[in-house]
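Scroll down for the structure; my scribbles are underneath it.
Here, each number is a calculation from the coordinates, and none is a lab measurement. Just so it is clear, the structure is predicted and the values come from calculations on it, not from any experiment. Positions of Cβ are generated from backbone atoms using ideal geometry, with glycine treated the same way; all protein chains shown enter the neighbour counts.
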Amino acid sequence: MAATAQSIVWGTQGRILIASGNPEFRRQMAMQAKGPAAQMEEAVGGAHALAKLVQFPCDGVLLDRQLPDLDAEEVASMIRQKYPRIEVTFVDSREIGQACAATEDSEKISADAMEAMDEEARPCDDNLPGMIGRSAAIRKTYELAKLVAGRDTTVLVTGETGTGKEVVAQAIHNLSARAKNAFVAVNCAAIPEALLEAELFGHVRGAFTGAVQSRLGRIHVAQGGTLFLDEVGELPLSMQAKLLRFLQNGEVQRLGSSDVYRVDVRVICATNAALLEQVQAKQFRQDLYYRLAVFPIDLPPLRIRTGDIAELADHFLKKFSEEAGFPLKKLTPAALGSLEQRRWPGNVRELQHALERAFILSGNSREICAQHVQMGNEAVEVREV
């Protein structure tokens, strides 16, 4: 039988995780923690709770029997198996009375008003979180990302290798209402085809040889948050069909199980491949492409945003200087000119690596000169003036 909320929270010491899909229930439970009795953390479902436990070591879990995504008994079993010292206690969110609704509404209005005032007072910043540069080409990316961030629309981020596709995906997540929940990144090209379905959808114990315990898939771990599928063009056709089905109905079925669970996950994909060409070559499903490309964002290569190189270089050199405990190093005009003349096939990532090499080659000098930024096979002679 589920214990009452008050008897658990008032008698609890230490760090506590509350797992429930009912926000009013979580709020009431957190409010009932008196004084130093407990440090409270919240999870919106079973998958979110399991993901939280990786980063939030706690003493006890209050587990709602009415979880929106997984069976509470199975979640409890997984927690006890992986964290035997954590005490798991079942609670029932239905014990919260309807009288709380009016209080919640009035507090929500106040919170919304405060948030609106805070946003008005906040200084305007055109940049996207994590992105560097102010050129016209990259500002278009910022505008599109900010426009779509507040929606649950599926986004397809395209661009050459090293342009910052994952940074844009993370920024969209951080600007969304899902920011407090998980951002789960999966590199589709890095997982063997035989393991990909289990990695994405999960499996139950005994589903295949070596499946000694049940495991949630990455989709389930992203419950309430964002699933980022990098290199989505590398998905085999068999997995493309399964991903399409998930995008259509929002349901997950783990390997070896007949149970189907609904999940609330926003999907952002990225690729450096020409997906339409793959569609024409029958290597990528046309119906999946149109499901993914609801809102495409194409990142410009560095060679058409050379005006951003100086700002990017300052950012990376500041980072390297802080990590090494050195005074801040600067590029000479000739060194900057040399960087701005290149085509950068590896884009921002290649620039970062070139600057790290130059930082090391410059030794104790406060300046990075043209000879320091020359690549290994470059024959161009650049002299300092």
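Side notes on the structure shown:
- The length gained by stretching the chain between residue 24 and residue 74 to full extension, at 0.36 nm per residue less their Cα-Cα distance, is 15.6 nm.
- Amide H contacts under 5 Å for residue 42, placed H, 5+ residues apart: 18
- Applied to region 126-140, the Karplus parametrisation 6.51 cos²θ - 1.76 cosθ + 1.60 on θ = phi - 60° returns per-residue 3J(HN,Hα) values of 6, 5, 8, x, x, 9, 10, x, 10, 5, 4, 5, 7, 5, 4 Hz, with x for Gly and Pro.
- Karplus-derived 3J(HN,Hα), 6.51/-1.76/1.60, for each residue of region 348-359, Hz, glycine and proline x: 4, 5, 5, 4, 4, 5, 5, 6, 5, 5, 5, 4
- Note on region 303-373: with charges restricted to the Cβ of Lys and Arg (+1) and Asp and Glu (-1), its dipole about the Cα centre is near 160 debye.
- Spin-label model, residue 324/residue 193: points 7 Å from Cα along the beta carbon direction are separated by 4.5 nm.
- Of the trypsin sites (Lys or Arg not before Pro) found in region 282-375, the ones in coil according to DSSP and having at most 14 other Cβ atoms within 10 Å of their Cβ are 282, 343, 366.
- Under a 5 Å amide H cut-off, with hydrogens placed 1.01 Å from N, residue 185 pairs with 228 among residues at least 5 apart or on other chains.
- Amide H partners (placed H, <5 Å) of residue 295, local residues excluded: 156
- Estimated at 0.36 nm per residue, the fully extended path between residue 140 and residue 39 surpasses their Cα-Cα distance by 32.1 nm.
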